[in-house]
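Encoded as structure tokens, the structure appears first; notes follow it.
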Amino acid sequence: MMTQSDRETVERIKRAAERKIWVTFRKEGIHKYPAAATDPALATGDEYDVSFLGVPHRHIFHFRVWIDVLHNDRDIEFIQFKRWLENLYKDNILQLDFKSCEMMADDLYGQIAAKYPDRAVWIEVAEDGENGALIKYETHQPYQSIKI
């Protein structure tokens with residue numbers, strides 16, 4: 001049985017908790033790494049050779065985006081957020097071009113930050129769901145207690 005002090009501690013921790021939602025989506029794209037064709041550190045001629053990355057090649061890019069929410073009752077609605085992100089690519093506001101996963105995350109963050117300023121955002125972009133990058137864009141603002 002919890003004491004009154006324990007219940008107060010639980011409530012304090014819940015109020016101060018960091019809150020994020022996340023959504024996922026996929027986007028087919030073509031990219032390349034031009035330096036891979038000529039850089040001796042990449043075009044090694046052995047089992048570590050990745051010179052093939054220097055020509056355009058297809059991937060299904062997997063995105064997972066986390067964003068701070070300010071309360072527990074659908075501050076940002078999942079489905080609307082996901083559809084908005086997908087439409088950034090559908091409407092050619094953002095393009096994959098020949099960018100790295102990290103570059104794609106930075107581009108996407110710029111759009112999210114413009115719509116949802118001063119919120120921490122984490123973006124993961126993976127090639128074919130296998131290899132990728134995670135970038136955490138932190139606001140470094142202290143979390144405030146909220147009413148839940």
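Look through the stretch 42-100, keep the residues that are of a type in the set (Lys, Arg) and free of Cβ contacts under 8 Å to residues at least 12 places away in the same chain, and return whichever of them is farthest from Trp22 (Cα to Cα). Don't jump to the end; show me each part of the working.
We begin by selecting, within the stretch 42-100, every residue of a type in the set (Lys, Arg); these are 58, 64, 74, 82-83, 90, 99.
Among the residues that remain, those that are also free of Cβ contacts under 8 Å to residues at least 12 places away in the same chain are: 74, 83, 90.
On the way: Arg74: 12, Arg83: 13, Lys90: 20 Å.
Of everything passing the filter in the stretch 42-100, Lys90 is farthest from Trp22 (Cα to Cα).
Among (1) part of a helix (DSSP H, G or I); (2) under 23 Å from Trp122 (Cβ atoms), there is one condition Phe52 misses while meeting the rest; what is its number?
Only one criterion is unmet by Phe52, namely (2).
Please specify each residue of the stretch 42-59 satisfying the condition of being of a type in the set (D, E, K, R) and either over 24 Å from Tyr89 (Cα atoms) or at pLDDT 95 or above (or both).
Here is the first cut: in the stretch 42-59, the residues of a type in the set (D, E, K, R) are 46-47, 49, 58.
Within the stretch 42-59, Asp46, Glu47, Asp49 meet the criteria.
Any residue at all in the stretch 33-40 that's assigned to a loop (DSSP other than H, G, I, E, B) and surrounded by 14 or more Cβ atoms within 10 Å (Cβ to Cβ)?
Among the residues of the stretch 33-40, at least one is assigned to a loop (DSSP other than H, G, I, E, B) and surrounded by 14 or more Cβ atoms within 10 Å (Cβ to Cβ), which makes the answer yes.
Do the conditions hold for Phe78, that is, is it within 23 Å of Glu28 (Cβ to Cβ) and surrounded by 13 or more Cβ atoms within 10 Å (Cβ to Cβ)?
Values: within 23 Å of Glu28 (Cβ to Cβ): yes; surrounded by 13 or more Cβ atoms within 10 Å (Cβ to Cβ): no.
Judged against the criteria, Phe78 is not a match.
Can you tell me which of (1) more than 16 Å from Trp66 (Cβ to Cβ); (2) of a type outside the set (D, E, K, R); (3) exposed (fewer than 14 other Cβ atoms within 10 Å of the Cβ) is the one Thr139 doesn't meet?
Of (1) more than 16 Å from Trp66 (Cβ to Cβ); (2) of a type outside the set (D, E, K, R); (3) exposed (fewer than 14 other Cβ atoms within 10 Å of the Cβ), only one is false for Thr139: (1).
Out of everything in the stretch 12-23 that is surrounded by 12 or more Cβ atoms within 10 Å (Cβ to Cβ) and of a type outside the set (Lys, Arg), what residue ends up being farthest from Met104 (Cα to Cα)? Quick ask: steps written out before the conclusion?
Initially, the stretch 12-23 is screened for residues surrounded by 12 or more Cβ atoms within 10 Å (Cβ to Cβ), giving 14-17, 19-23.
Cutting the leftovers down to of a type outside the set (Lys, Arg) gives us 16-17, 21-23.
Working: Ala16: 32, Ala17: 29, Ile21: 20, Trp22: 17, Val23: 16 Å.
Ranking the qualifying residues of the stretch 12-23, first place goes to Ala16.
Among Ile60, Ile79, which is under 19 Å from the mean Cα position of the chain (by Cα), farther than 25 Å from Asp118 by Cα and among the aliphatic types (A, V, I, L, M)?
Working: Ile79 fails: farther than 25 Å from Asp118 by Cα.
Exactly one of Ile60, Ile79 is under 19 Å from the mean Cα position of the chain (by Cα), farther than 25 Å from Asp118 by Cα and among the aliphatic types (A, V, I, L, M), namely Ile60.
Taking His62 as the residue in question, decide whether it is touching a strand residue (DSSP E or B) at 6+ places or on another chain (Cβ under 8 Å), farther than 30 Å from Val10 by Cα and at pLDDT below 95.
Numbers: touching a strand residue (DSSP E or B) at 6+ places or on another chain (Cβ under 8 Å): yes; farther than 30 Å from Val10 by Cα: yes; at pLDDT below 95: no.
For His62, the condition - touching a strand residue (DSSP E or B) at 6+ places or on another chain (Cβ under 8 Å), farther than 30 Å from Val10 by Cα and at pLDDT below 95 - is not met.
What number of residues within the stretch 108-129 satisfy the criterion of being outside any strand (DSSP E or B), crowded, with 16+ Cβ neighbours inside 10 Å and in contact (Cβ under 8 Å) with a residue 60 or more places away in the chain?
1
So is Ala114 at pLDDT 95 or above and either in contact with a helix residue (DSSP H, G or I) (Cβ under 6 Å, 6 or more places away or on another chain) or under 30 Å from Lys14 (Cα atoms) (or both) or not?
Values: at pLDDT 95 or above: yes; either in contact with a helix residue (DSSP H, G or I) (Cβ under 6 Å, 6 or more places away or on another chain) or under 30 Å from Lys14 (Cα atoms) (or both): yes.
For Ala114, the condition - at pLDDT 95 or above and either in contact with a helix residue (DSSP H, G or I) (Cβ under 6 Å, 6 or more places away or on another chain) or under 30 Å from Lys14 (Cα atoms) (or both) - is met.
Among the residues of the stretch 41-75, count how many are of a type in the set (Asp, Glu) and surrounded by fewer than 11 Cβ atoms within 10 Å (Cβ to Cβ). Don't jump to the end; show me each part of the working.
We begin by selecting, within the stretch 41-75, every residue of a type in the set (Asp, Glu); these are 46-47, 49, 68, 73, 75.
With the extra rule that they be surrounded by fewer than 11 Cβ atoms within 10 Å (Cβ to Cβ), the set shrinks to 46-47, 73.
Qualifying residue count for the region: 3.
The values are calculated or read from the model by the stated rules, or taken from the named source; none is laboratory data. If you're wondering where the values come from, they're calculated on a predicted model, not measured in any experiment. Positions of Cβ are generated from backbone atoms using ideal geometry, with glycine treated the same way; all protein chains shown enter the neighbour counts.
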